[in-house]
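Data first, discussion second: the structure below is written as structure tokens.
The values are calculated or read from the model by the stated rules, or taken from the named source; none is laboratory data. Remember, it's a predicted structure, so these values are computed and weren't measured experimentally. Neighbour counts are summed over all protein chains in view; Cβ atoms, including those assigned to glycine, are modelled from backbone coordinates with ideal geometry. Accessible surface areas use protein heavy atoms only, side chains included; no ligands, DNA or RNA. Shrake-Rupley method; radii C 1.70, N 1.55, O 1.52, S 1.80 Å.
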Amino acid sequence: MKRALFFFLAVFFLIPLCAEKITFKADSLRGTAGNNSDSTKMTGNAFVKTETMEISADEIELSGENYRYITADGTVTGKNTESKMEFTCGRMRYDRQTKIALLEDAVHLVDTANNVTADAQIIDYNQTTEIAVMQIGITLKQKDNTCTSAYAVYRKNDKMLDMSGNPKIVQGEDTFRAQEITLNLDTQEITLDGRVSGTVTDSKKKEEPKKDAANPTDAKTDDGQKEQKKSTADGTAKSDAAQNASNDASKLPETPSAETKSASTVTGDKNGN
């Protein structure tokens, strides 16, 4: 009986809503498939796949005409296969006709294409416009930006973020606050409106003057120069003393050498003869 019911549902879900096909799997299923207004509930490792959305949860319920609505509860994970948006939350409701997903309870949204992550209590995500409206306890991160607020609108295609409700952006070491803040996630341009405040940190580092005591190399160089000067002065003094001694010696009377005396004596004897 259960196999027959699963087979009937699988065939029934191939009946399109705007030519869309639904496939599913779960540990168990209960409900009826004969009436379009009835609901069908899947329990235990439930999984539903449409042409653009994949949803996994502890429980998934299909309801409405042609199973227009998909409601998931408990450890919900999903992704938009077209726009590469992934999410986790505690509960979600998805309208297959309007392609709007309401995510609730500790929502974590990841835009892999733009490297954006967002956390909030409620996110209303429109698949057609690629716009996510976030509420309560919002934290959005992208590159060096950490954005927080109570309300925000993220426009994926335009790469723009509009925030209000005590918004703040921390960009590296800089902080910006205002009543309303708009951030261009592509150019990193920030627009602040109303009660603007913030802090900006100078990235240039101040260089402290060098101290002689803190640089032993300079001290050694100075000592070496002093020693060299002292050595040069001593050498100059010794050279001057030697020169003076030489000059004094040149002023003394000359004493005839032994050869000179002998020659003079010999010459005198010859004259006497």
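Answer yes if at least one residue in the stretch 42-64 is hydrophobic (A, V, I, L, M, F, W, C), at pLDDT 95 or above and open to solvent by 20 Å² or more (accessible area, probe 1.4 Å), and no otherwise. Looking for residues that are hydrophobic (A, V, I, L, M, F, W, C), at pLDDT 95 or above and open to solvent by 20 Å² or more (accessible area, probe 1.4 Å), one finds at least one in the stretch 42-64, hence yes. Just one of the listed residues (80, 115) is at pLDDT below 95 and surrounded by fewer than 14 Cβ atoms within 10 Å (Cβ to Cβ), namely 115. Within the stretch 149-161, the set of residues being in a strand (DSSP E or B), open to solvent by 40 Å² or more (accessible area, probe 1.4 Å) and not basic (Lys, Arg) comprises 150, 151.
Residue-wise test of (1) part of a loop (DSSP other than H, G, I, E, B); (2) farther than 22 Å from residue 163 by Cβ.
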position	(1), (2)
62	no, yes
67	yes, yes
70	no, yes
79	no, yes
89	no, no
93	no, yes
107	no, no
113	yes, no
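Looking only at residues of the stretch 166-189 that are at pLDDT below 95 and not in a loop (DSSP other than H, G, I, E, B), we find that the one that is farthest from residue 118 (Cα to Cα) is 174.
Residues are listed down the side, and each one gets a yes or a no for (1) open to solvent by 70 Å² or more (accessible area, probe 1.4 Å); (2) more than 19 Å from residue 97 (Cβ to Cβ); (3) modelled with pLDDT under 55:
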position: 7; (1), (2), (3): yes, yes, yes
position: 20; (1), (2), (3): no, no, no
position: 32; (1), (2), (3): yes, yes, no
position: 37; (1), (2), (3): yes, no, no
